[in-house]
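K.L.:
Let me begin by handing over the structure; questions about it come next.
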Amino acid sequence: MNHSTGGQRFSRRQFGAAAAGAAAIPAVLAPPSQAQPSTPIPDKLPFDGPIEYAGAAVKPKAEPFPMTQVRITGGPLHDAQDWNRGYMSRLAADRLLYNFRQNAGLDVKGATPLGGWETPADGTRASELRGHFTGHFLSASALLYASAGDQAAKAKADYMVDELAKVQTRLGGGYLSAFPMELFDRLDALSGKPRPVDPATGRADPHAPHLPWAPFYTIHKILAGMIDMYQLAQNRQALAVAQGMADWADRWSASKSEAHMQEILNTEFGGMAEALYNLSVLDGNPQWAKAGDRFTKKRFVNPLALRRDELRGLHVNTHIPQAIAAARRYEISGDTRFHDVADYFWHEVAGARSYVTEGTSNGETWNVEPRRMAVELRTTRGTATAECCCSYNMLKLTRHLFGWTGDPRYFDYYERALFNHRLGTIYPEKGYTQYYLSLVSGTWKTFNTEDGSFWCCTGTGVEEYAKLNDSIYWRDADGLYVNLFIPSELNWEEKGLQLRQETGFPSQQSTALVVTAAPPAPIAFRLRVPSWLRTAPTVTLNGRALGATAAPGGYLSISRVWKAGDRIAMELPMHLTAEAMPDDPSLQAFLYGPLVLAADLGAEGLTENRIFGDSAPRFMPPGQVREDAPGVHHSAVPAIEVPRFRAAAGDVSSWIQPADAPLTFRTAGQAKDVTLAPLNSIFGRRYAVYWEVT
Ligand SMILES: [Zn+2]
């Protein structure tokens, strides 16, 4: 979550464009579209001139099943869902409404305000982002209702929608926010203007009016929350609230010249365009899509449409939502410029700017040229690699691209991000989530507190773990796709097909589908054969080996008239692999199947308040102490010595061998041997993912 103005309690240091450097990333899906074009930049850029919206929906190749038809029945993702649900249930509705009511001059009903990025305007340190988490919470509640049938979550969110509608009425009927319009006035007045310089210091004058933090970013969360409450929780009042908000955003943006609107878009604005496109489809009003088009940041999309990576220096999570918006815009209009933006962006980020966990960003920024990830990691200023919001949004974007193509390799990426960067960044039982999943050796995982953090990633966190069932099964006219190995049930009501997936994956290296009801007509089952398998897997149908199988990276398709009791089982044998940074073969990470392994380096210096914290981790060099930094600051504790490995290139299993516990390994013959376990299982311990292997 970018804060470009600085000087306040919630600000974080901005990185300038940093480090020049070396090379690259190991994503699973070989990018089809990475090559830099040799053609010169044309005189007229793809998005020059006004953008004309004309609705013409593109038919997808595959669609996800509605979450209401899929249930996760057990396993680690079910645990994560429950922990998140517990955290959400502990946050009182009136606390989440406090800032909105206060902004509208309504009674706050004796509620205690929240802290962190939700700090109210009672004192002098109000957060300019206040209200953002409440928007996420509405989305998460709607998702939880759809994914788990959680009636209590729906009832609480219904109450919040009703109360927020009163706030909206009080504020004039359109604008709905927990902060006053003054932030938008400042956004309008100061965008495109240089910040006044203090002649005494020669630096930006800290007392001069500054751009607000990110007002449209916050409005987007609330708008999306209302849309989700309508779409997933059938709350019609939420649709009316969303339409009022969209009407306000339409009028506000239409009152600016296009050139000035482009200046305004230099302040983070989240997924405004995506939400407006979605609303346009839901209520059939093209005006919202036209308003959404005003949130097209041409400086960002033009190079992408030309398949040029000019991402260096950009704030990462400001821009992933813009690629999602482009994907959505393509789907509702068929405009291939937007397709190319989303498609190229995904391949570039996944293929050239991601770590082994599929996480991306470093201090929230891309600091280097593509395929220079070893340099990116080594020049980390502090420990703040791989912001969790980025993974949340990249998973969203991946769903769009899979829907267009049905290419199973998108789920190699999805699976690796899900099992390493999402599972494992929620704290057991408490349900607290992370801001960054650090990949700096010797660091540890840090988490939000109960009611004093509310980072951007706390917001995307409550959404993520409320929708873990949304991508397991997909469908087209011929049948279904099984993309993830998660114990679950599917009820394809329209076809009369029901099935159960039985697996202890990833602890168990196999999965099975059991049909529990079936129609008397053929249906294709397409089982994803992950790219991390070495060979085509053994598959059995009702205990007998199938003649057919499929190579890793494809689908095994079985079409037949199914009957209740049919059981397909697929072996998923995992192997140990090393994955080097392409720009530095000596910098390696290790995986077991899709699971990123990390070495347990002990718990030296780790106290409760270093694991749970209220303020964001600062971007401090490792080992540097900052006395005024409370809570979660990796860097406030001296760095520890991290062992190096000496090993011959080649067979990893010659010096990393299975240990006694499941999914656990032990190095052999090193100066200091270590135990490796899945990164997603490590909490309250220092760890290392990347190693110098010489
Ligand atoms: Zn975030």
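K.L.:
Just how much of Asp188 is accessible, in Å², when a 1.4 Å probe is used and the result is rounded to the nearest 10?
P.N.:
Spelled out: Asp188, probe radius 1.4 Å, area about 50 Å².
K.L.:
Rounded to two decimal places and with Rh computed the Kirkwood way over Cα pairs, what is Rg over Rh for the chain?
P.N.:
Rg/Rh: 0.95.
K.L.:
Positive end of the dipole of the chain, charges at C-beta (+1 Lys, Arg; -1 Asp, Glu), about the Cα centre: which of Gly173, Pro120, Ile682 has its Cα farthest in that direction?
P.N.:
Checked the options; the winner is Ile682.
K.L.:
Based on the Cβ-Cβ distance from Glu258 to Asp205, what FRET efficiency comes out when R0 is 35 Å, to the nearest 0.05?
P.N.:
The value I calculate is 0.70.
K.L.:
While we're looking at this one, here's another question. Where nothing but the Cβ of Lys and Arg (+1) and of Asp and Glu (-1) is charged, how large is the charge dipole of region 169-263 around its Cα centre, in debye to the nearest 20?
P.N.:
The calculated dipole for region 169-263 is roughly 160 debye.
K.L.:
Tell me which residues come under 5 Å, amide H to amide H, from Gly554 once H is placed; ignore anything under 5 positions away on its chain.
P.N.:
Val529
K.L.:
What does the helix-only formula give at 222 nm for the chain: each DSSP H stretch with n ≥ 4 adding -39500 (n - 2.57), the total divided by the residues, and the result rounded to the nearest 500 deg cm²/dmol?
P.N.:
Calculated from helices alone, the mean residue ellipticity at 222 nm is -10500 deg cm²/dmol.
K.L.:
So, taking all protein chains as they sit and a 1.4 Å probe, how much accessible area belongs to Ile227, in Å² rounded to tens?
P.N.:
Per-residue accessible area (Ile227): approximately 10 Å².
K.L.:
With +1 on the Cβ of every Lys and Arg and -1 on the Cβ of every Asp and Glu, and nothing else charged, how large is the dipole of the chain about its Cα centre, in debye rounded to the nearest 20?
P.N.:
Its charge dipole is roughly 320 debye.
K.L.:
Okay, next question. What is the extension gain from Ala603 to Leu106, computed as 0.36 nm multiplied by their sequence separation minus the C-alpha to C-alpha distance, in nm to one decimal?
P.N.:
174.1 nm
K.L.:
Between Ile227, His78, Gly669, whose Cα lies farthest towards the positive end of the dipole of the chain when Lys and Arg beta carbons carry +1 and Asp and Glu beta carbons carry -1, centred on the Cα centre?
P.N.:
Working it through, the farthest residue towards the positive pole turns out to be Gly669.
K.L.:
Quick one: Cα centre-to-centre distance for region 664-694 and region 271-305, in angstrom?
P.N.:
If you average the Cα positions of each part, the centres end up 45 Å apart.
K.L.:
Modelled label-to-label distance, Arg90 and Asp673, 7 Å Cα→beta-carbon offset: nm?
P.N.:
4.0 nm
K.L.:
Hey, another quick one. Roughly speaking, what is the stretch gain from Asn266 to Asp79, that is 0.36 nm per residue apart minus the C-alpha to C-alpha distance, in nm to one decimal?
P.N.:
This chain segment gains 63.4 nm when fully extended.
K.L.:
Would you mind getting the accessible area per residue of the chain, heavy atoms of the protein chains only, 1.4 Å probe, in Å²?
P.N.:
Each residue of the chain exposes 35 Å² on average to a 1.4 Å probe.
K.L.:
If I model a spin label at Asp651 and Phe683 as a point 7 Å from the Cα along the Cα→Cβ vector, what separation in nanometres do I get?
P.N.:
3.8 nm
K.L.:
I've got another one for you. Give the ranking of Ser89, Ser333 by solvent-accessible surface, highest area first, calculated with a 1.4 Å probe.
P.N.:
I get Ser89, Ser333, largest accessible area first.
K.L.:
Okay, moving on. Mind listing the long-range amide H neighbours of Leu597? Cut-off is under 5 Å, sequence gap 5 or more, other chains count too, H placed in the peptide plane at 1.01 Å from N.
P.N.:
For Leu597, whose amide H was placed from the backbone, the distant partners under 5 Å are Phe590, Leu591, Tyr592, Leu679.
K.L.:
Now, a different point. Let me check something: with ligands and nucleic acids excluded, how do Thr425, Thr379 order by accessible area (1.4 Å probe), largest to smallest?
P.N.:
Thr379, Thr425
K.L.:
While we're here: Can you list the residues, at least 5 places off or on another chain, whose amide H is less than 5 Å from the amide H of Arg372, using H built in the peptide plane?
P.N.:
Here Ala24 satisfy the definition.
K.L.:
Hey, another quick one. Testing the spin-label approximation: label points 7 Å from Cα along Cα→Cβ at Glu182 and Glu494. State their distance in nm.
P.N.:
It works out to 5.2 nm between the two label points.
K.L.:
Assigning unit charges at the beta carbon (Lys, Arg +1; Asp, Glu -1) and nothing else, what dipole magnitude in debye, to the nearest 20, does region 279-341 show about its Cα centre?
P.N.:
Around 280 debye, computed over region 279-341.
K.L.:
Figure the gain on full extension for Ala57 and Lys166 (residue separation times 0.36 nm, minus the Cα-Cα span) and round it to one decimal in nm.
P.N.:
Roughly 35.7 nm would be gained on extension.
K.L.:
Region 37-106: D in µm²/s via Stokes-Einstein (Kirkwood Rh, Cα pairs, 25 °C, 0.890 mPa s)?
P.N.:
129 µm²/s
K.L.:
Something else now. Of the listed pairs Lys221/Lys495; Lys44/Lys290; Lys109/Lys154, which have alpha-carbon separations greater than 27 Å here?
P.N.:
Over 27 Å Cα-Cα: Lys221/Lys495.
The values are calculated or read from the model by the stated rules, or taken from the named source; none is laboratory data. Please read these numbers as outputs of a predicted model, since none were measured by experiment. Methodologically, a virtual Cβ is constructed for each residue, glycine included, from the backbone with ideal geometry; neighbour enumeration extends over all protein chains shown. When the accessible area is computed, the model is the full protein with side chains, heavy atoms only, and any ligands, DNA or RNA have been set aside. Shrake-Rupley method; radii C 1.70, N 1.55, O 1.52, S 1.80 Å.
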